[in-house]
Amino acid sequence: MYNPTDPSAPLNPLHQRYASAEMATLFSARHRYGLWRTMWVTLADCQRELGLPISSAQIETLRAAEHQLDFDRVAELERATRHDVVAHLRHFAELSGDAGGVLHLGATSAFVTDNTDALILRQALEVVVGKLAATVQQLSHFARRTGTIPCLAYTHFQPAQLTTVGKRACLWAQDFLLDLEEARRRLGLLRCRGAKGTTGTQASFLTLFAGDGDKVARLDAMVAERLGFAASFPITGQTYPRKQDSQVLAVLTGVAESAHKFGNDLRLLQGVGELAEPFDENQVGSSAMAYKRNPIRAERMCGLARRLITDGLNGPLNAATQWLERSLDDSSNRRLVLTDSFLGADAVLGLASHIAAGLTVRREAVAARVARELPFMATETMLMEAALRGGDRQELHERIRRYSLEAQARVAAGGDNPLIDSIVGDDAFRLGREEVEGWLDPVAFTGRSAAQVEEFLTQVAEPALAGMEVAAVEGPRV
C-alpha cells in the first residue's frame with residue numbers, strides 16, 4: 001500500500017506537502033475500505049430487520065470483524081480476482097465465519113463503492129465548509145480593521161478612483177461567501193445510491209423479499225437513513241448519477257476561482273508595496289537574493305487553484321460520457337479526480353485562511369501612492385470651482401490636461417506630483433493653496449466604501465457565519 005511518509009514512495013505533494021491530515025484521512029485506503037465494510041453490515045442489518053433469515057448474532061459477528069483489515073491479504077485476493085470489491089468482500093467473509101455468507105445479498109459492487117463515495121463526499125464537503133467559513137471570518141476581521149483606510153482602486157491595473165483597503169477585502173470575502181453558500185446548499189442536496197441492485201431496477205432485492213415491493217422500497221430508505229442522508233436517488237442505473245460528482249466538483253472549482261482571484265490581487269499589491277502576506281521570522285525568500293520577501297503562499301495558492309480548476313473539468317466530462325446504465329471508464333478517472341480535487345481544495349483554503357489571518361497593510365506605502373494620484377482625481381473639483389469664479393471652462397480644461405500630462409511624466413519618473421503646484425500657481429484658476437489642499441482629503445474620494453464594509457459585515461457575512469462551526473486557522477505544513 002502507498003505510504004506518504006515512506007521516503008522511498010513516489011512523491012505525491014498533495015498528500016505529503018499541502019493537504020491537511022484531516023482531509024487526507026478521509027481519502028485514505030483505511031477510511032474508504034472501512035466504510036465499504038460499514039455498507040455491507042448496514043445492508044445486512046436492514047435486511048435482517050425487514051425479515052430476511054439473518055440473525056442478530058451474525059450481525060454482531062460482522063461488527064466484530066468490521067475493523068480487522070489486512071491489506072496484504074486483500075492485495076493477494078485482488079491479484080487473483082482482478083476485482084477490488086470482490087477481494088475486500090472475500091477477505092471480510094473469511095474473517096466472519098458463517099456470518100460471511102449473508103454479506104452482499106442482492107447487492108452489486110456499486111452498492112458499496114457509490115454509497116461510500118457519497119458518504120466521503122459529504123464528509124469532505126463538511127471540511128470544506130468549515131474552512132470556507134474560516135476564510136470568510138478572517139477576511140471579515142481584516143476588512144473591519146481596515147474599512148476606513150483610503151487606497152487606490154485599480155482598473156486595468158491602472159490607478160482609478162479611491163476605495164478602502166477593507167472594501168477590497170470585502171470583494172474577496174464575498175466571493176468565498178458565495179462558495180460557502182453553494183457548498184452548504186450542495187450538502188443539503190447530496191444523495192446516496194441506496195439499495196438499487198445491478199442496473200437500478202431492484203430486481204435482486206425483489207427476489208430476496210419474495211416480490212414484496214414495499215419491503216424493497218423500505219430497504220432503500222432504511223439504508224439512506226442509516227447513512228445519514230435525507231434520501232437516496234429515486235432513480236439510478238448501476239451507479240448514482242455522475243451529475244452529482246460534477247455538481248460537487250463545481251463547488252470546489254468555485255473555491256479555486258475565489259482563491260486565485262484573492263491570491264493574484266495580493267501578489268499585485270505586494271508587488272507595489274501596499275499589502276503583504278505573512279512572512280516567518282526565519283523564512284528565506286530566495287536562495288540567491290537574501291533580501292527578497294516573495295509572496296510564496298499566495299503563489300502556491302494560485303498554483304493549486306489552477307490545478308483544481310482543470311481537475312474539475314472531469315466532472316462534466318464523466319457525467320456526459322456515461323453509456324446507458326453505466327460504463328467503467330469513469331472509475332479510474334474518479335479515483336484520481338475526486339481525491340485530488342478535495343485534497344487540493346483543502347490545501348487552497350488552508351492557505352487562504354492563513355494568509356487572510358496574517359495580512360499586513362503597509363500604510364505608508366498606501367498613503368504615498370494615494371498622495372501621488374489624488375491630485376489627478378481632484379482636478380474635476382478644481383475645474384468646477386475655477387469656472388464658477390469666472391474662468392473659461394474650455395481653456396481651464398486644456399490647462400489642466402497639459403499640467404496633468406507633465407505631472408504624470410514626473411510621477412512615472414519617480415518624482416513627486418507637481419500638479420497642485422502648477423494649478424495653484426496659475427492665476428487663471430483663481431484658487432488658493434489652502435482651499436485646494438482642503439479638497440484633497442482622501443476619505444472624501446472613497447464614496448460609501450467604509451459604509452459598504454460595515455453593511456456587508458453586519459448584514460451579510462456575520463449572519464451567514466452565525467452558528468457555524470469554523471475551522472481553526474493553521475499555517476502551511478511546509
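The values are calculated or read from the model by the stated rules, or taken from the named source; none is laboratory data. If you're wondering where the values come from, they're calculated on a predicted model, not measured in any experiment. For neighbour counting, all protein chains shown are included, and Cβ atoms are generated from backbone atoms with ideal geometry for every residue, glycine included.
If we scan segment 308-331, do we find a residue that is within 21 Å of the chain's Cα centre (by Cα), among the acidic types (Asp, Glu) and under 25 Å from His15 (Cβ atoms)?
yes
Looking at Val366, is it in contact with a strand residue (DSSP E or B) (Cβ under 6 Å, 6 or more places away or on another chain) and crowded, with 21+ Cβ neighbours inside 10 Å?
On the way: in contact with a strand residue (DSSP E or B) (Cβ under 6 Å, 6 or more places away or on another chain): yes; crowded, with 21+ Cβ neighbours inside 10 Å: yes.
In short, yes.
Which of (1) assigned by TED's automatic domain parsing to the domain that holds Ile120; (2) under 18 Å from His104 (Cβ atoms) does Thr201 not meet, given it meets every other one?
Going through (1) assigned by TED's automatic domain parsing to the domain that holds Ile120; (2) under 18 Å from His104 (Cβ atoms) one by one, Thr201 breaks only (1).
Checking the structure you have, find out if any residue of segment 198-211 is in a strand (DSSP E or B) and either among the β-branched types (Val, Ile, Thr) or farther than 30 Å from Ala412 by Cβ (or both). Give the steps one after another, and end with the answer.
To start, the set of residues in segment 198-211 that are in a strand (DSSP E or B) comprises none.
Scanning segment 198-211 turns up no residue that is in a strand (DSSP E or B) and either among the β-branched types (Val, Ile, Thr) or farther than 30 Å from Ala412 by Cβ (or both).
Of everything in segment 179-226, what is surrounded by 20 or more Cβ atoms within 10 Å (Cβ to Cβ) and polar (S, T, N, Q)? Give them in sequence order.
Answer for segment 179-226, where residues must be surrounded by 20 or more Cβ atoms within 10 Å (Cβ to Cβ) and polar (S, T, N, Q): just Gln202.
All but one of (1) in a loop (DSSP other than H, G, I, E, B); (2) surrounded by 12 or more Cβ atoms within 10 Å (Cβ to Cβ) hold for Ala472; state the number of the condition that does not hold.
Every condition holds for Ala472 apart from (2).
Being of a type outside the set (A, V, I, L, M, F, W, C), part of a helix (DSSP H, G or I), over 29 Å from Leu189 (Cβ atoms) and without any contact (Cβ under 8 Å) to a residue 24 or more places away in the chain: is that true of Arg144 here? Before you say what the answer is, go through the steps one by one.
Numbers: of a type outside the set (A, V, I, L, M, F, W, C): yes; part of a helix (DSSP H, G or I): yes; over 29 Å from Leu189 (Cβ atoms): yes; without any contact (Cβ under 8 Å) to a residue 24 or more places away in the chain: no.
Here the answer is no, as Arg144 does not meet what is asked.
For segment 376-413, what are the residues that are of a type in the set (Gly, Ala, Ser) and at negative phi? Lay out the reasoning, then the answer.
Step one: filter segment 376-413 for residues of a type in the set (Gly, Ala, Ser), giving 378, 386-387, 390-391, 404, 407, 409, 412-413.
Selection gives Ala378, Ala386, Ala387, Gly391, Ser404, Ala407, Ala409, Ala412, Ala413.
From Val366, Val411, grab the single residue that is in contact with an Asp or Glu (Cβ under 9 Å, 6 or more places away or on another chain), at pLDDT below 90 and either more than 30 Å from Val129 (Cα to Cα) or not in a helix (DSSP H, G or I) (or both).
Working: Val366 fails: at pLDDT below 90.
The unique qualifying residue is Val411.
Let me spell it out: the conditions are (1) under 27 Å from Leu268 (Cα atoms); (2) surrounded by fewer than 19 Cβ atoms within 10 Å (Cβ to Cβ), and Gln137 meets all of them except one. Which number is the exception?
Condition (2) is where Gln137 drops out.
So which of Arg63, Arg17, Arg79 ends up being free of Cβ contacts under 8 Å to residues at least 12 places away in the same chain, basic (Lys, Arg) and either within 30 Å of Val348 (Cα to Cα) or part of a helix (DSSP H, G or I) (or both)? Don't jump to the end; show me each part of the working.
On the way: Arg63 fails: free of Cβ contacts under 8 Å to residues at least 12 places away in the same chain; Arg17 fails: free of Cβ contacts under 8 Å to residues at least 12 places away in the same chain.
None of the other options fit; the residue is Arg79.
Among the residues of segment 82-99, write down those that are farther than 15 Å from Tyr33 by Cβ and not in a helix (DSSP H, G or I).
The answer is Arg82, and nothing else.
Pick out the one residue from Trp36, Trp40 that is more than 30 Å from Gly344 (Cβ to Cβ), buried (at least 18 other Cβ atoms within 10 Å of the Cβ) and hydrophobic (A, V, I, L, M, F, W, C). Give the steps one after another, and end with the answer.
On the way: Trp36 fails: more than 30 Å from Gly344 (Cβ to Cβ).
Only one candidate passes the filter, namely Trp40.
Filter segment 97-126 down to the residues that are surrounded by fewer than 19 Cβ atoms within 10 Å (Cβ to Cβ) and of a type in the set (A, V, I, L, M, F, W, C) and list them by number.
Leu105, Ile120
Let me confirm something: among Arg334, Arg306, which residue is in contact (Cβ under 8 Å) with a residue 24 or more places away in the chain, closer than 20 Å to Ile120 by Cα and surrounded by fewer than 22 Cβ atoms within 10 Å (Cβ to Cβ)?
Working: Arg306 fails: closer than 20 Å to Ile120 by Cα.
Of the residues listed, the single one that is in contact (Cβ under 8 Å) with a residue 24 or more places away in the chain, closer than 20 Å to Ile120 by Cα and surrounded by fewer than 22 Cβ atoms within 10 Å (Cβ to Cβ) is Arg334.
Need the failing condition index for Ala371 against (1) out of contact with any helix residue (DSSP H, G or I) (no Cβ under 7 Å at 6 or more places or on another chain); (2) in a loop (DSSP other than H, G, I, E, B), just the number.
(2) is the only condition that Ala371 fails.
Of the residues in segment 436-446, how many are in a loop (DSSP other than H, G, I, E, B) and free of Cβ contacts under 8 Å to residues at least 12 places away in the same chain? Lay out the reasoning, then the answer.
Step one: filter segment 436-446 for residues in a loop (DSSP other than H, G, I, E, B), giving 439-441, 446.
Narrowing the set further to residues that are free of Cβ contacts under 8 Å to residues at least 12 places away in the same chain leaves 441.
Selection size over segment 436-446: 1.
Kindly provide the set of residues from segment 20-33 that are of a type outside the set (S, T, N, Q) and without any contact (Cβ under 8 Å) to a residue 12 or more places away in the chain, ordered by number.
Of everything in segment 20-33, just one residue is of a type outside the set (S, T, N, Q) and without any contact (Cβ under 8 Å) to a residue 12 or more places away in the chain, namely Ala21.
Within segment 66-76, restricting attention to residues that are among the acidic types (Asp, Glu) and not in a helix (DSSP H, G or I), which residue is nearest to Phe111 (Cα to Cα)? Spell out the reasoning first.
Taking segment 66-76 first, the residues among the acidic types (Asp, Glu) are 66, 70, 72, 76.
Filter again for not in a helix (DSSP H, G or I), leaving 66, 70.
Working: Glu66: 17, Asp70: 22 Å.
Across segment 66-76, the extreme among qualifying residues is Glu66.
Looking at (1) crowded, with 19+ Cβ neighbours inside 10 Å; (2) touching a His at 6+ places or on another chain (Cβ under 9 Å); (3) within 20 Å of Thr108 (Cα to Cα), which is the only condition Cys46 fails?
(2)
To keep it simple, each residue is scored yes or no on (1) under 15 Å from Val443 (Cα atoms); (2) of a type outside the set (Gly, Ala, Ser).
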{"site": "Ala368", "(1), (2)": "yes, no"}
{"site": "Ala371", "(1), (2)": "yes, no"}
{"site": "Leu383", "(1), (2)": "no, yes"}
{"site": "Ala387", "(1), (2)": "no, no"}
{"site": "Gly391", "(1), (2)": "no, no"}
{"site": "Glu395", "(1), (2)": "no, yes"}
{"site": "Arg402", "(1), (2)": "no, yes"}
{"site": "Val411", "(1), (2)": "no, yes"}
